[in-house]
Structure formats: structure tokens, C-alpha cells
Amino acid sequence: MQKNLVIVESPAKAKTIEKFLGEDYKVMSSYGHIRDLKKHELSIDETSLTPVYEIPEEKKKLVSELKSQAKKAEQVWLASDEDREGEAISWHLCEVLGLDEQKTKRIVFHEITKPAILQAIEHPRTLDMNLVDAQQARRVLDRLVGFKLSPVLWRKVKPALSAGRVQSVAVRLIVEREREIQNFQSESYYSVNAVFGLQNADGSASEVKATLSQRLKTKEEVEQFLEQCKDATFTVQSVQKKPMKRTPAPPFTTSTLQQEAARKLGFTVSQTMMVAQHLYENGLITYMRTDSVNLSGLAINAAKEEITSQYGAEYSKVRQYHTSSKGAQEAHEAIRPTYMNQSGIEGTLQERRLYDLIWKRTAASQMADAEIEKTMVSIECSVNNVEFIAQGEVVKFDGFLKVYRESGDDDEEQKDEFVHVLPPLKKGDGLTRREIIATERYSQGPQRYTEASLVHKLEELGIGRPSTYAPTISTIQQREYVVKGDKKGEDREFDVITLKGKHITAKKRHETTGSEKGKLLPTDIGTVVNDYLMEHFPDIMDYNFTAKVELDFDKIAEGKVQWEKMMKSFDKDFEPTVEKAINQRTEHKAGERELGKDPKTGKPVFAKIGRYGPVVQIGNANEKDKPLFAHMPKELGMETITLEQALDLFKLPRMLGEFEGEPITVGTGRFGPYVLHKKLYASLPKGTDPMSVTIGDAVKLIDEKRHEDERRHLRVFTEDLDLEVLNGRYGPYISYKGKNYRLPKALHEKARYLTYEEAMAIVNK
């Protein structure tokens, strides 16, 4: 009889654990949840609001195997992850496998190492139903919101849309930021910088760079100031030296790891979590879903040894970090390497880079402060009662900076902030003006979110949990509510006014402003959905509501609140609001915007969401003549498109002439501009203006499309027109009545000459 059966949630984790346990232990994987809510149904009892679970078809064989092995075992150990999700997985296993919760041993560990596993075996516990209930509450609430709001959107906005408790609020943040940017009015000002010369005691000269302590608003003000400076003298008024200390950041939590990996490595949030999962399951880092910044005594001592060995005792400083955020995940330690003496690992490039980041952050958290001497020099101008400020910083002791420096959302290429060194200066020193440069600058508006800064904002507001940020950010992009894109900058002219010697010169220069890479931008559909939900479901979209819900989940996990009671309290107000929204009649569809009148027909022109995305419409649906529609290109937005731009879209389709006795036209549709001839569509090359296409261009595109189709359609059978041999991306295949059938490699060369019998034999195989 098998003595011990250990069940974990992933094969990789099972493989690693198996190495640490003896022959008396068999380790199997549940491959995540073995049962869940039904995919395409609410799957929640409408009266009691309790979930209705099912075992998916693809899991039934696995469940049978697990049941068989559980019956054979003297003792079953449930070793899923230590968070609420992991606890729920263990509970589902108990329920489905018919295990006695009191006799089944539950073990948790923060790292997959031999000591941690053996210690967990020595200190098992029973299932914590409070944690399970907290997970169920989250699952049920999110299902209620998603399944009841989505049909409202299908009816009021467009089919195939979805809503979610966290995802919709995340979209709201991005939409509101975009509107802040659109409404921001940039103002110009002048930044004034000076270069002074200092005569040293040994006869050499040094350079001092300084900035005027105030901004100048107009060009006239600048010119007047520079005129005054022509004959002015400049004297050091004061020199202040101030010692400063820079303290390292705490070790990684899930959120800070996601942010830093995005800034330093260019990883998406999903990518970070996937790579971190691999590192954890292979026993290289501790559990990567945690809000804790604590480190175990063992980890602190190991870090101290490694730092002392690599850098010297003066670089070591033991630090205890404590998690201050309420409702932190149950995991009791920060994300760190399992072995600090392992500064590098084998693995994929992504795994090596992320591990290196985690190792450096952990090491830095246990290192001495950086000691910096900051110098501030005030330089007085003799004629206009203004001062220039020169600043310098010198690193006296690099401390933790030897290993790691934290990035910020606004960092530009990690500029080194400690490189500027001032020459020795004292009060009363006279300085020689070499040049003063006034540069026109513009006030900066709000910045669009990156994945990293969005994670930071969600955490700041208490929306969701760090473990949910990756799927949330992926979902809003998959739903095309938000796109991660690059925004082209605009050319802008600015003034540079220079005083050198006695001469003032003014030059016009150009710069590209507003260019952004990898920023999150709301789509028209995302904006319309957000506005509709904000109007009809303000409570669901409220930041405070979403944050309060998370605190309620925490109370459930602590055993202070019954989850069923929380669900009923929520649904009591939510259900009537849904009913009201779905039954409400409105004159216009959500997001519809009237742009003006068509001068030719006098009919109204609208921008709206159509079945396949944003469109422009001339006329009303209830009129005798059917309205005209034009697809809206991506570069135009529903909130910003003008009447003139909208009417330009109706210049298409336009007839170019005749080809082979049939008209040939150019138009635009859901997938962009195209040429049409005899029901054959050929897409225009990217960037081609459909208004500039000639009949010669169109004929060429049609010919190319025909040749492409000929190469694709290898064989048609007169015996059955539904049967066809096609050339695909991976070679020839058979298409029959909407289904595709792989062609054996041995038949690839004769694909064009297959007989009807041979083709049908493959179909019926």
C-alpha cells in the first residue's frame, strides 16, 4: 500500500518536490483547479448566491487517477500554494476526492527547498476554511458583476463586450488619464542656465554650471534680463554642504517586482509573473505572490555572509522590514532567492535576468546606506537682485548603490544623479560669466500609464491584489478596451536666447514632443464602455467601492465576516440596478455623438460604435432612406473627429474605371482600405492613401491577389465543390465543409494531383 500521496497544483512543482522526499512519498499534480464554475453560465444559485461547481471534461480522467491513488495511500498531503487560491485548490481536492478534511494534512511552504519541505511535513495543519471562503467570495462577486453587466453592454453598446469588477475600474483610470491629457493646456516658460569660470589659486580655471532660481515667462523678459547681465558681476554668496544618506528599498513584493521588471527589463506584467512562476517551481526563489517585505532570519544571515564575502563587512547592514499594508497576502516573506550564495543561475535569458534583479534587490536591502555629500552654492548677480544656484553631489560611500538602484516611473534612461562635482568654492569668490542660455520650455502635462505605473496606481488605490494585476492588464488589452502603443510626437519650435560676451543672439530650434512608447491608450470602445458604466453603475466603478471589497475579502479570510452575508448585501442593490439599466430606453446608442449636418442632404452626421467598431453615420435609422455608414480609421477618435473629417470618409468607395469589362473601385472597411473587382478584394499596402490610388495601381493589386489565390487553391473537385486542397502556412491541407484536415508529408508534392478518392480517404480517416 502506498504510504503517502502528496498533491500539488503544477507538474513542475511536483517534479522539484519529488527530489526532496523519499520512496514513501508519491507526488502528483492537480494541474490547477480540478473543478470550477461553469464557463458559459452564471453557475451561481440565484437565491442563496452559492457557487455551482463542475469538473471540466478535460479534468475527469485526472480526477479518476487522483481518486485511485488517494484510496491506495495511508496519508494524503495537500501541498498547493500558501495563498487563498492555493487553499481553495486543496478544498476542491478534498470535496471531489472524498477526503476527510480532519484527517487530510495540509502543508504550506514559502520556498521549494529540502529544509522547507521537510519542515512543512513536520508541522502540517488542516484546511483553513476562512481562506477558502475569501477566495469563493472573490470568485462569486466577480462572476456576478461580469455575467450580469456584460449582457447589458451587449444590448446597449455592442455585442461580445465584457465588464469586470477590477478590469472596468482599470479602464476607467486609463480613460480619465487620457482626458486629462487632452484637456491640458501647456504653457511656455524660459529656463535660464549659466556657465561661470573660476580662477583657482594655482592659476588654473574651473567651470561652474548653475541655474537661475526663477523661471522667466516671456521672451521680452528674457531679453531684458540678459541686457542687465552684460555688465553685471557674479559673486559666490553662500556655500552649504550637507551630508545625506540614501537608504535601500525593501525586498520585492509582487507589485514592486512587476514594476521594476517593467522599468529595468522591459517585461510585461504577465511575462514577469510567468517567469517568476518558473523560478519558484524550480526552487530558485520564494513564493512570488506576496505583499510582504519581511525576510526570514535565515535569509538575513545568508545575505550578510554573501555581502561580507563579496564586498566587505562595511557594506553589510542587517535590516528588518515589516509589512505595513493592511490585508497583505498570507505569504509571510518577500520575494527573494532561496540561496543567497547563488548569485547566478542556469536557465533561459529571461529567467537569468529576472533572477539577477531579485538577487540584487535582496542583497541591496541588507546593505549599508549610501553616504552622499550635497553641496549647494548661491551665486549673486550685482544688478538685478537674482541668484543662480549650482548643485553638486559626491558619493562618499556607495553602500547599497554598489549593487542596485531603484528606478522610478519618470526615469529617463536611468540618468546617473551623482556625477556632477563642483570645484572648491567659498563665500566671496568672484566668478566670470562665460555664457547665459535661456531655453524656451513647456509645462508638462499628465503622463499616460505604462503597465508599471498602472500597477503602482492600482496598488495605491487598493484596487484588486498584486496577484490579479497581470490577468487584469492582459484582459483589458485582449478585449481591445486598451491598446499598448506608440504615439508619434509632434514637431515643435522653441527659442534659444544666448548671452556671450556682449552679444545676445536668438535662434529658433525644433524638437519632437509628445512621442511615447509602450504606453496604455484607451480605444473608442473602451471609452464608450467606461462612460456607459460610469453613468449607470457608478457604485461598481467607484474606486472606494472596489478597495472596500478587498478589505471585506480580508475580513472573511480572518473569520470576521461570513461571505454569504457579504454576497447578499451586495446583490440586494446590484440586481435592481442591472434590471433598470437593461430596461431603460434611450434615444441614442451609448457613445453616439452628433457632429453636425451633411451640407448635401441636410441629414445629421454621427460618430458611434457599430457592430465591428467605430463608424460614421449619415442619417437616422428610422428615416425612409437607409443611413450611410463609413468605417472610422484608427488614427481618428470618436471624441475628437470633426464633421469635415467624417464627411471625407464618404468620398469612398470611388470608382477608378473599368477592368475586363467590370468596374474597379477603391474603398475602406473593417480591415482597412481595399480595391474591389468582380467580388475580389485586395488590401492596399500599409500607409497607402486610398484617395491617391490610380487604376494602374488597382489592376496591379488585383493581379497579385489572383496569383496569390491560385497559389493557395491547389485543387478543386467537381465531384464535391465543398472539397478543396489548399496551400497553407505549414504546407498543403484539405478543406471540407468548414473543417481542415492535415495532409501527410509524403503527399505534399502531389497535393495538386490528388484524386477525389484519396482526398475523401483522408477526410474519413
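Looking at ALA452, ALA390, which is the one that is small (Gly, Ala, Ser), assigned to a helix (DSSP H, G or I) and modelled with pLDDT of 90 or more?
Of the residues listed, the single one that is small (Gly, Ala, Ser), assigned to a helix (DSSP H, G or I) and modelled with pLDDT of 90 or more is ALA452.
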(message) So in region 181-190, with the set limited to residues that are out of contact with any Phe, Trp or Tyr (no Cβ under 8 Å at 6 or more places or on another chain) and modelled with pLDDT under 95, which one is farthest from PRO538 (Cα to Cα)?
(response) GLN185
(message) I want to confirm something. Restricting to region 231-253 and keeping residues that are hydroxyl-bearing (Ser, Thr, Tyr) and not in a loop (DSSP other than H, G, I, E, B), which single residue is nearest to HIS332 (Cα to Cα)?
(response) SER238
(message) Considering only region 619-633, I want to know if a residue exists there that is assigned to a loop (DSSP other than H, G, I, E, B) and surrounded by 20 or more Cβ atoms within 10 Å (Cβ to Cβ).
(response) yes
(request) Pull up region 725-739, narrow it to residues that are surrounded by 12 or more Cβ atoms within 10 Å (Cβ to Cβ) and more than 37 Å from the chain's Cα centre (by Cα), then point me to the one that is farthest from TYR753 (Cα to Cα). (result) TYR736
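Of all residues in region 417-447, which are of a type in the set (Gly, Ala, Ser) and at pLDDT 90 or above?
Within region 417-447, GLY428, GLY430, ALA438, SER443 meet the criteria.
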(request) Considering each of VAL275, VAL239 in turn, give the residue that is touching a Leu at 6+ places or on another chain (Cβ under 7 Å), in the same structural domain as VAL195 (by TED's automatic domain parsing) and β-branched (Val, Ile, Thr). (result) VAL239
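From GLU704, GLU710, GLU757, which residue is out of contact with any Phe, Trp or Tyr (no Cβ under 9 Å at 6 or more places or on another chain), without any contact (Cβ under 8 Å) to a residue 40 or more places away in the chain, in a helix (DSSP H, G or I) and surrounded by 11 or more Cβ atoms within 10 Å (Cβ to Cβ)?
Of GLU704, GLU710, GLU757, the one residue that is out of contact with any Phe, Trp or Tyr (no Cβ under 9 Å at 6 or more places or on another chain), without any contact (Cβ under 8 Å) to a residue 40 or more places away in the chain, in a helix (DSSP H, G or I) and surrounded by 11 or more Cβ atoms within 10 Å (Cβ to Cβ) is GLU704.
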(request) Identify all residues within region 567-588 that are of a type in the set (Ser, Thr, Tyr) and either touching a residue at least 12 places away in the same chain (Cβ under 8 Å) or under 16 Å from LEU153 (Cβ atoms) (or both); write none if there are none. (result) THR577, THR586
(request) Residue by residue through region 146-183, note down the ones that are among the aliphatic types (A, V, I, L, M), more than 18 Å from the chain's Cα centre (by Cα) and in a helix (DSSP H, G or I). (result) LEU149, VAL152, LEU153, ILE181
(request) List the number of the failed condition for LYS508; all other conditions in (1) in the same structural domain as GLU579 (by TED's automatic domain parsing); (2) surrounded by fewer than 15 Cβ atoms within 10 Å (Cβ to Cβ) hold. (result) (1)
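The values are calculated or read from the model by the stated rules, or taken from the named source; none is laboratory data. Just so it is clear, the model here is predicted, and its values are computed rather than measured. We place every Cβ from the backbone using ideal geometry, glycine too, and count neighbours over all the protein chains shown.
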